[in-house]
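Student: Here it is, the structure, as structure tokens.
Since every read-out is calculated from the coordinates, none of them should be taken as a lab result. Please read all numbers here as calculations on a predicted model, not as lab measurements. Cβ: placed from backbone, ideal geometry, glycine included. Neighbour counts: every protein chain shown.
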Amino acid sequence: MLKRELKVNFKGFLIWSGVTILMFLVVFLIYPSIISGPEADSINEMMKMFPPELLKSFNMDLASIDSAYGWLKSEGFVFILLIIGCYAGITGSNILLKEESDKTIEYLGVMPIKRTSIVLQKSLAGIVYIIGITAAVGIFNFIGLDLSGDFDKTQYIFLSLTPLLSCIPVFFVCMFLSTFAHKTKKMLGISLGLVILGYVFNALSSLSESTEYLKYFSVFTLADIRNVIINVSVDPSMIFISLLIDAAFLCFTIIRYNKKELV
């Protein structure tokens, strides 16, 4: 069943990976001309006008956007987290539910396979593709940065791994929520809404002390990009919390799916 699941989701993986890589290809092609032209001074002046809290929410207080790598550490990884987060959310919300929506659950019902095994194999397929898109984007950007100029390779490798800490939990949370629905269309808006709301909470948490508590309601806090930029390391506690969320919602999904009336 794992091979079947990997095959079914392969097209979506290629589309999401291809579009994301294409976006960053455009960045590497046009960014050198922007930062070396007369627009560079205008950008620097504009950055001085932004409040420090806003710059902090995009990590622009730690990284200057006068280079491709500087942009990637700030705005670039915002796009990466959102895109991979959306992909993980949509995949998680559909990977179980599509069997009911497409009426193929009856086929699985006559096969000698337990529901727990269905959840586990579909979960593994989802994780493979989330790691796959993260690796594809990471490798492409590594090559682009290597051709563009010097950059901290160790720091970049750690940064490239951070989306996994937030996006795999997004996958499991959305997969669990999908067990309460019967149609994929209903879950699409919910999964995208969770991702966007999670990022908004994470961004707002860095604006002031009064909103700092919002980071505890956002899975994107686990990515902890600022810590990687400053310390060039991943906080072990973030890895532990991420794995804990994964395991908890996987268990919740198995329990709920075994009790669900499939139509």
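Student: On a 0 to 90° scale, report how tilted helix 77-95 is relative to the longest principal axis of the chain, with both axes built from alpha carbons and the result rounded to the nearest 10.
Tutor: Here the helix axis deviates by roughly 10 degrees.
Student: Within a Cβ distance under 15 Å of residue 88, other residues only, what is the Lys/Arg minus Asp/Glu net charge?
Tutor: Surrounding charge for residue 88 is 0.
Student: Sticking with this structure for a sec: At a 10 Å Cβ-Cβ cut-off, how would you order 221, 134, 154, 116, fewest neighbours first?
Tutor: Least to most surrounded, the residues fall as 154, 116, 221, 134.
Student: How far is helix 10-36 tilted, in degrees, relative to the longest principal axis of the Cα atoms in the chain, given as a value from 0 to 90 rounded to the nearest 10?
Tutor: Value to nearest ten degrees: 0.
Student: If you don't mind, another one. Treating the Cα atoms of region 147-246 as identical point scatterers in vacuum, please give the log10 of the normalised Debye intensity I(q)/I(0) at q = 0.12, 0.21, 0.24 Å⁻¹, two decimals.
Tutor: Treating every Cα as an identical point scatterer, log10 I(q)/I(0) equals -0.48, -1.09, -1.23.
Student: Turning to a different aspect of this structure: Using the basic label-point model (7 angstrom from Cα toward the beta carbon), what is the residue 146 to residue 196 distance in nanometres?
Tutor: Each label point is offset 7 Å from its Cα along the Cβ direction, giving 3.7 nm.
Student: Right, here's the next one. Past 18 Å, Cα to Cα: identify those pairs from 3/122; 3/260; 56/153; 98/185; 3/183, in the order given.
Tutor: 3/260; 56/153; 3/183
Student: In degrees between 0 and 90, to the nearest 10, how far off the longest principal axis of the chain does helix 236-259 point, with axes built from Cα atoms?
Tutor: Its long axis makes an angle of about 30 degrees.
Student: Report the label-to-label distance for residue 181 and residue 66 in nanometres (one decimal), using points 7 Å from each Cα along the Cα→Cβ vector.
Tutor: Those two pseudo-labels are separated by 4.7 nm.
Student: Still on this structure, I have one more. Can you tell me the alpha carbon radius of gyration of the chain divided by the globular rule-of-thumb value 2.2 N^0.38 Å?
Tutor: Cα Rg divided by the expected 2.2 N^0.38 Å: 1.09.
Student: On full extension of the chain, what length is gained from residue 11 through residue 239, given 0.36 nm per residue of separation minus the C-alpha to C-alpha distance?
Tutor: That pair, residue 11 and residue 239, stretches by 79.1 nm at full extension.
Student: Also, I was wondering about something else. Please quote Rg/Rh for region 90-217 to two decimal places, taking the Kirkwood radius as Rh and restricting both calculations to Cα atoms.
Tutor: On the way: Rg = 18.5 Å, Rh = 17.1 Å.
Expressed as Rg/Rh, it is 1.08.
Student: Let me check against my output: what whole-number percent is the relative contact order of the chain, with C-alpha pairs under 8 Å and at least 6 apart?
Tutor: The value is 26 percent.
Student: By counting other Cβ atoms within 10 Å of each Cβ, how are 228, 26 ranked from fewest to most?
Tutor: By the 10 Å Cβ count, ascending, the order reads 26, 228.
Student: Could you give each residue of region 116-132 its phi-based ³J(HN,Hα) in whole Hz, using Karplus coefficients 6.51, -1.76, 1.60 with θ = phi - 60°, and x for Gly or Pro?
Tutor: After applying 6.51 cos²θ - 1.76 cosθ + 1.60, I find 4, 5, 4, 4, 5, 6, 5, 4, 4, 4, x, 4, 4, 6, 5, 5, x Hz.
Student: Would you order 100, 209, 75 from fewest to most other beta-carbon atoms within 10 Å of each residue's own beta-carbon?
Tutor: So the residues, fewest neighbours to most, are 209, 75, 100.
Student: Put a dot 7 Å past each Cα toward the Cβ at residue 226 and residue 29; how far apart are the dots in nm?
Tutor: With each label point 7 Å from Cα toward Cβ, the separation is 3.6 nm.
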